[in-house]
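Colleague: Got a structure here, written out as structure tokens. Questions coming.
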Amino acid sequence: MGLALLQGVSPTKRSAALTRVKKELLTQFKERFTLRTFLNHRLTVAYANFYREIGLDPQIILPGPQNLISRLFAEHYFPTINTLVDSCNLAVLLTLVPLGIFDQEKIKCPLTLRFSALGDTIVPIGKTTPQEIPPNIPIFMDDKTVVSIFYHRDSEFSKITLATKDVLLMTIAVEGVSTQDFEAGLNTGITFITKYNGGTCSFRAVFP
């Protein structure tokens with residue numbers, strides 16, 4: 001697991017500099033990959049295999065990078081949310097490592113990772129009512145609510161907004177993903193976030 005706390009960020013709706021970089025990186029990505037070569041990449045395969053091992057179909061519940069990048073190929077779509085979320089998504093594009101990004105002030109620590117049970121719910125981003133989570137799906141929880149379904153869907157309550165000042169950034173390795181891989185994801189996320197949103201990384205830790 002890798003964790004970082006970034007404080008004093010100042011996200012904006014758009015950034016001309018980030019838009020230029022995004023365009024360049026998307027072009028480079030499509031030159032580097034086809035949808036088939038992306039789906040056959042060892043990191044894509046590793047996260048898909050993890051989903052299968054816990055009883056999920058990665059073609060229905062897509063791991064984060066696969067969800068993001070499959071839409072790029074199928075719909076020629078890559079989301080533009082705000083400079084903070086966009087910075088994180090570009091780090092995922094570059095490294096193929098899923099990243100979770102949360103408004104730290106909205107989370108009641110400690111944050112735990114466990115499998116869902118009957119009765120667990122989440123209010124997904126953009127929704128106003130809770131939705132039931134099927135059993136045995138990895139979820140992140142603070143001391144009260146589900147913050148995220150493991151690299152698939154995040155909660156409305158902890159989402160990044162233009163008012164966000166402090167960010168919790170995290171990544172987790174599974175079998176087939178090395179410490180070097182997820183450190184690259186975490187470090188790239190930190191670099192992009194601080195470059196295009198300001199702030200500083202006040203805490204960073206990697207746990208094998």
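Read-outs throughout are calculated quantities, based only on the coordinates presented, and are distinct from any laboratory measurement. Owing to the predicted nature of the structure, the values given are computational and were not obtained by experimental measurement. Positions of Cβ are backbone-derived with ideal geometry, glycine not excepted, and every protein chain shown enters the neighbour counts.
Colleague: Could you give me the residue pairs with C-beta distances under 8 Å whose first residue belongs to the stretch 178-193 and is among the hydroxyl-bearing types (Ser, Thr, Tyr), whose second residue is part of a helix (DSSP H, G or I) wherever it lies, and which are 6+ apart or on separate chains?
Modeller: Listed pairs, sorted by first residue: Thr188/Ala91; Thr188/Leu94; Thr188/Thr95; Thr191/Ala91.
Colleague: Separate question: Yes or no: Lys23 out of contact with any strand residue (DSSP E or B) (no Cβ under 7 Å at 6 or more places or on another chain), of a type in the set (D, E, K, R) and assigned to a helix (DSSP H, G or I)? Give the derivation first.
Modeller: Numbers: out of contact with any strand residue (DSSP E or B) (no Cβ under 7 Å at 6 or more places or on another chain): yes; of a type in the set (D, E, K, R): yes; assigned to a helix (DSSP H, G or I): yes.
For Lys23, the condition - out of contact with any strand residue (DSSP E or B) (no Cβ under 7 Å at 6 or more places or on another chain), of a type in the set (D, E, K, R) and assigned to a helix (DSSP H, G or I) - is met.
Colleague: Under 6 Å between Cβ atoms, at least 6 apart or on separate chains: pull out the pairs that start in the stretch 83-108 with a residue that is within 15 Å of Val147 (Cα to Cα) and end on any residue that is of a type in the set (D, E, K, R) and not in a helix (DSSP H, G or I).
Modeller: Partner pairs satisfying both residue conditions: Gln104/Asp166; Glu105/Asp166; Ile107/Asp142; Lys108/Asp142; Lys108/Asp143; Lys108/Lys144.
Colleague: Right, something else. Quick check: is even one residue across the stretch 162-173 part of a loop (DSSP other than H, G, I, E, B), of a type outside the set (Val, Ile, Thr), under 22 Å from Ser70 (Cβ atoms) and within 14 Å of the chain's Cα centre (by Cα)?
Modeller: Within the stretch 162-173, one or more residues are part of a loop (DSSP other than H, G, I, E, B), of a type outside the set (Val, Ile, Thr), under 22 Å from Ser70 (Cβ atoms) and within 14 Å of the chain's Cα centre (by Cα).
Colleague: Is there a residue being farther than 27 Å from Ser202 by Cβ and either in contact (Cβ under 8 Å) with a residue 12 or more places away in the chain or assigned to a strand (DSSP E or B) (or both) anywhere in the stretch 151-159?
Modeller: For the stretch 151-159, residues farther than 27 Å from Ser202 by Cβ and either in contact (Cβ under 8 Å) with a residue 12 or more places away in the chain or assigned to a strand (DSSP E or B) (or both): present.
Colleague: Any residue at all in the stretch 69-85 that is in contact with a helix residue (DSSP H, G or I) (Cβ under 6 Å, 6 or more places away or on another chain), outside any loop (DSSP other than H, G, I, E, B) and closer than 23 Å to Thr194 by Cα?
Modeller: Looking for residues that are in contact with a helix residue (DSSP H, G or I) (Cβ under 6 Å, 6 or more places away or on another chain), outside any loop (DSSP other than H, G, I, E, B) and closer than 23 Å to Thr194 by Cα, one finds at least one in the stretch 69-85, hence yes.
Colleague: Name the single residue, out of those in the stretch 120-150 being in a loop (DSSP other than H, G, I, E, B) and among the hydrophobic types (A, V, I, L, M, F, W, C), that is surrounded by the most Cβ atoms within 10 Å (Cβ to Cβ).
Modeller: Only one residue fits best here, namely Phe150.
Colleague: What do you reckon, is Asp103 under 18 Å from the mean Cα position of the chain (by Cα) and charged (D, E, K, R)?
Modeller: Answer is yes for this residue.
Colleague: Could you figure out which of (1) in contact (Cβ under 8 Å) with a residue 40 or more places away in the chain; (2) within 20 Å of the chain's Cα centre (by Cα); (3) loosely packed, with under 13 Cβ neighbours inside 10 Å isn't true of Tyr77?
Modeller: Tyr77 satisfies all of (1) in contact (Cβ under 8 Å) with a residue 40 or more places away in the chain; (2) within 20 Å of the chain's Cα centre (by Cα); (3) loosely packed, with under 13 Cβ neighbours inside 10 Å except (1).
Colleague: Does Ile54 count as within 17 Å of the chain's Cα centre (by Cα) and either basic (Lys, Arg) or farther than 30 Å from Gly199 by Cβ (or both)?
Modeller: In short, no.
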